[in-house]
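Each value in this text was obtained by applying a stated rule to the coordinates, not by laboratory testing. Here the structure is a predicted model, which means the values were calculated and not measured. Note: ideal-geometry Cβ built from the backbone for every residue, glycine included; neighbour counts use all protein chains shown.
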């Protein structure tokens with residue numbers, strides 16, 4: 001990166017870190033003082049059951065491990081979640097170990113968000129899903145104390161939320177058609193490719209639907225010429241963009257593809273935190289932000305602001321998650337170009353009720369915090 005670019009974006013990052021600075025943080029937040037009682041953290045492992053076998057280029061699964069969290073203070077409760085799909089390298093065991101090292105009772109002011117997140121971040125490197133579970137609960141808690149949803153505290157317009165895509169994993173033709181039928185309320189389909197049946201997947205969908213498609217290859221293509229050939233073919237199939245078409249390590253090939261492809265090329269596995277934005281800004285057209293990759297709502301908000309300033313397209317995505325993490329991510333959605341927030345729709349044992357999708361569009365709730373209601377009791381009083 002050129003020095004002047006580093007100075008420019010470094011200044012932007014500093015501005016984003018000062019959360020009250022020009023980014024819509026409410027005056028209520030800046031004037032809030034400590035509550036007096038210590039924060040109390042609870043956590044419990046949980047396993048999400050998928051409605052269908054979920055297959056992508058890297059493998060298949062029927063469940064996803066999560067850890068649900070609660071953060072309590074002065075009669076208010078904030079909910080959080082860590083979701084751990086295999087490629088993140090986290091598990092029930094690693095998250096529980098990390099959370100066991102966290103001492104939230106040293107804090108009696110939940111509005112010291114930057115200080116608390118800095119403390120959490122310095123306990124151990126990585127562990128972003130575990131960190132996200134505290135970050136989400138902290139935002140939910142503070143929003144509830146203030147009586148405001150976080151999109152409003154950030155100064156975002158809820159009418160500017162995007163349509164969300166509905167994900168269709170790699171499968172045989174009959175199951176793919178069934179999944180397309182289930183996606184009827186949605187305006188955009190997200191289709192997993194990368195296992196050698198790429199054209200068959202798209203052609204099967206096109207026998208039953210003409211909806212726009214977002215393609216996610218999950219690093220499945222290794223040859224840049226094949227990737228470019230597919231990009232041109234997919235453009236003719238009403239595909240909107242390509243997500244992580246090649247392994248993230250093939251940076252020269254991906255940069256070449258981005259330069260020559262007729263579709264935007266979006267980074268997913270290649271970008272995790274704000275630091276990664278500097279690495280990918282000249283290689284990809286845009287980024288896919290996920291709370292479980294970056295560490296939660298605080299980092300996601302900063303990444304969205306920075307990426308837009310860099311002239312990149314922005315997508316907010318998810319793992320297989322409950323409505324807790326989905327509703328948390330949705331608070332950022334008025335800032336993005338595309339959303340893929342369907343993780344809660346792919347499971348059969350959700351614990352919360354939160355953000356909804358109406359006529360394909362994300363609908364943010366007026367409820368405070370991240371806007372969720374507990375439907376199933378997980379923690380004992």
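Worth a mention:
- Compactness relative to 2.2 N^0.38 Å, alpha carbon Rg of the range 233-318: 1.05
- Taking the average, over residues, of other Cβ atoms within 10 Å as the packing measure, peptides 284-296, 158-170 rank 284-296, 158-170 from highest down.
- Bridge type composition, the range 153-374 - antiparallel percent by DSSP, nearest 5: 20
- Between residue 87 and residue 118, the simple spin-label model (points 7 angstrom out along Cα→Cβ) gives 3.4 nm.
- Three-way shape label, the range 243-381, alpha-carbon gyration tensor, a/c 1.5: prolate
- Helix 297-309 and the longest principal axis of the C-alpha atoms of the chain enclose an angle of approximately 50°.
- Peptides 46-53, 250-257 ordered by packing proxy, namely the average of other Cβ atoms within 10 Å per residue, highest first: 250-257, 46-53.
- Taking the chain and dividing mean pair separation by its residue count, relative contact order in percent (alpha carbons under 8 Å, at least six apart): 19
- Candidates 353, 72, 229: whichever shows maximal mean-square fluctuation once the chain is modelled as a Gaussian network with Cα springs under 10 Å: 229
- Alpha carbon centroid spacing (whole Å) that separates the range 120-197 from the range 259-294: 17
- When each of 373, 175, 355 is scored by the number of other beta-carbon atoms lying within 10 Å, the sequence from fewest to most is 373, 175, 355.
- Restricting attention to the chain, close to 55% of DSSP beta bridges with both partner residues there are antiparallel.
- Protection-proxy order for peptides 179-186, 125-132, 60-67, each taking the mean of Cβ atoms within 10 Å per residue, highest first: 125-132, 60-67, 179-186
- Rounded to the nearest 10 degrees, the angle from helix 3-17 to the longest Cα principal axis of the chain is 50 degrees.
- Where N is the number of residues in the range 153-374, Cα Rg divided by 2.2 N^0.38 Å: 0.98
- Degrees between helix 173-182 axis and first principal axis of the chain (Cα, 0 to 90, nearest 10): 40
- Dimensionless Rg/Rh of the chain - Kirkwood Rh, Rg from C-alpha atoms: 0.96
- Distance from the alpha carbon centroid of the range 60-113 to that of the range 345-381 works out to 17 angstrom.
- Put simply, the range 85-176 fits an ellipsoid with semi-axes of 30, 24, 10 Å; these come from the alpha carbon gyration tensor as the roots of five times its eigenvalues, largest first.
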